[in-house]
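The values are calculated or read from the model by the stated rules, or taken from the named source; none is laboratory data. Bear in mind the structure is a predicted one, so any value in this text is a computation, not a measurement. Cβ coordinates were reconstructed from backbone atoms using ideal geometry, including for glycine residues, and neighbour counts include every protein chain displayed. Heavy atoms of the whole protein, side chains included, go into the accessibility calculation; ligands, DNA and RNA do not. Shrake-Rupley method; radii C 1.70, N 1.55, O 1.52, S 1.80 Å.
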Amino acid sequence: MSELHSIRGRIETLVEDVLEGRVDRGKAAVVGQLYNTLIRAVSVELKVREVTELEERLEELEASLERQNR
């Protein structure tokens with residue numbers, strides 16, 4: 001989650017910079033699209049990790065159940 005927190009902070013900074021005129025709106029639009037890509041990548045990574053952990057837990061439960069049924 002710290003990656004998402006970091007990206008959020010950078011987006012907030014970008015917004016402030018655009019509003020204050022420190023960053024060109026066109027460049028900020030491109031950077032915003034890149035941040036969206038980063039967010040999607042991090043989200044996919046988190047989902048994969050979550051599914052992997054659930055699969056491992058399910059395998060452990062299945063093995064435990066099989067041992068009990070012997």
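One table, with the values for the structure above:
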| quantity | calculated |
| --- | --- |
| Condition met for Val42 (among the hydrophobic types (A, V, I, L, M, F, W, C) and either at pLDDT 95 or above or exposed (fewer than 10 other Cβ atoms within 10 Å of the Cβ) (or both)) | no |
| Residue in region 49-59 that is open to solvent by less than 100 Å² (accessible area, probe 1.4 Å), among the hydrophobic types (A, V, I, L, M, F, W, C), in contact (Cβ under 8 Å) with a residue 12 or more places away in the chain and part of a helix (DSSP H, G or I) present | no |
| Selection status of Ser64, more than 22 Å from Leu4 (Cβ to Cβ) and among the hydroxyl-bearing types (Ser, Thr, Tyr) | yes |
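Yes/no per residue for (1) open to solvent by 100 Å² or more (accessible area, probe 1.4 Å); (2) free of Cβ contacts under 8 Å to residues at least 12 places away in the same chain; (3) not in a helix (DSSP H, G or I); (4) not β-branched (Val, Ile, Thr):
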{"residue": "Gly21", "(1), (2), (3), (4)": "no, yes, yes, yes"}
{"residue": "Gly26", "(1), (2), (3), (4)": "no, yes, no, yes"}
{"residue": "Ala29", "(1), (2), (3), (4)": "no, yes, no, yes"}
{"residue": "Leu34", "(1), (2), (3), (4)": "yes, yes, no, yes"}
{"residue": "Thr37", "(1), (2), (3), (4)": "no, yes, no, no"}
{"residue": "Lys47", "(1), (2), (3), (4)": "yes, yes, no, yes"}
{"residue": "Glu62", "(1), (2), (3), (4)": "yes, yes, no, yes"}
